[in-house]
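In what follows, a single structure is set out as structure tokens and then discussed.
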Amino acid sequence: MKRLLLLVIFVAAACGKGDTPAGKGKEPTGEPKKGFSRAQPKPAEPLEEPIGVAECDDYVQKYLACLPKMHPAVAEPIQRAIADSKRAWRGVAKNEENREALAEACKEAAKSAKAALERYACEW
């Protein structure tokens with residue numbers, strides 16, 4: 001069960017690592033095309049309902065704080081993936097037996113995110 005839980009968490013974390021928009025094949029420059037305004041993602045909302053595992057709550061808060069530094073084409077799908085992960089992790093955290101594995105998985109996800117998001121100068 002713990003291995004499956006770790007796999008689910010790492011897959012969810014990996015969904016947020018994509019630095020290029022789907023189908024583009026190159027990194028966004030951050031410069032809007034002529035005639036288009038650069039839309040900003042919605043501001044990172046506070047973690048309104050905590051997951052209940054400190055390591056996961058911390059991971060989510062740091063990732064959300066980093067989103068405004070990203071190109072909207074990158075940030076918006078990540079924000080949706082984080083919201084989905086939060087819902088799933090809250091469910092996993094309800095089972096006391098899963099909390100330790102969830103905490104470890106979130107620690108590992110934070111390490112991966114720190115490396116993956118280094119170019120954005122986010123605080124981890």
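In region 95-115, the residues that are more than 11 Å from Cys56 (Cα to Cα) form Cβ pairs under 8 Å with partners that are modelled with pLDDT of 95 or more and β-branched (Val, Ile, Thr), at six or more places apart or across chains, as follows: Asn98/Val92.
Among the residues of region 43-101, write down those that are more than 16 Å from Ala121 (Cα to Cα) and among the polar types (S, T, N, Q). Gln79, Ser85, Asn95, Asn98, listed by residue number.
Taking Pro68 as the residue in question, decide whether it is free of Cβ contacts under 8 Å to residues at least 40 places away in the same chain and not in a helix (DSSP H, G or I). Outline the logic, then answer.
Working: free of Cβ contacts under 8 Å to residues at least 40 places away in the same chain: yes; not in a helix (DSSP H, G or I): no.
So Pro68 does not fit the description; no.
Tell me, please, whether a residue that is outside any helix (DSSP H, G or I) and crowded, with 16+ Cβ neighbours inside 10 Å can be found in region 117-124. Yes, some residue in region 117-124 is outside any helix (DSSP H, G or I) and crowded, with 16+ Cβ neighbours inside 10 Å. Of the residues making up region 56-81, those that are under 19 Å from Cys106 (Cα atoms), in contact with a Phe, Trp or Tyr (Cβ under 8 Å, 6 or more places away or on another chain) and basic (Lys, Arg) number 1.
Can you say whether Lys107 is modelled with pLDDT under 95 and among the basic types (Lys, Arg), as far as the supplied structure shows? Break it down into steps so the answer makes sense when it comes.
Details: modelled with pLDDT under 95: no; among the basic types (Lys, Arg): yes.
No.
Consider Lys107 carefully, then state whether it is under 20 Å from Gly52 (Cα atoms), basic (Lys, Arg) and touching a Leu at 6+ places or on another chain (Cβ under 8 Å).
On the way: under 20 Å from Gly52 (Cα atoms): yes; basic (Lys, Arg): yes; touching a Leu at 6+ places or on another chain (Cβ under 8 Å): no.
So Lys107 does not fit the description; no.
The values are calculated or read from the model by the stated rules, or taken from the named source; none is laboratory data. The structure presented is a predicted model; accordingly, all values stated were derived computationally and were not measured. Glycine also receives a Cβ, built like all others from the backbone with ideal geometry; neighbour counts cover every protein chain displayed.
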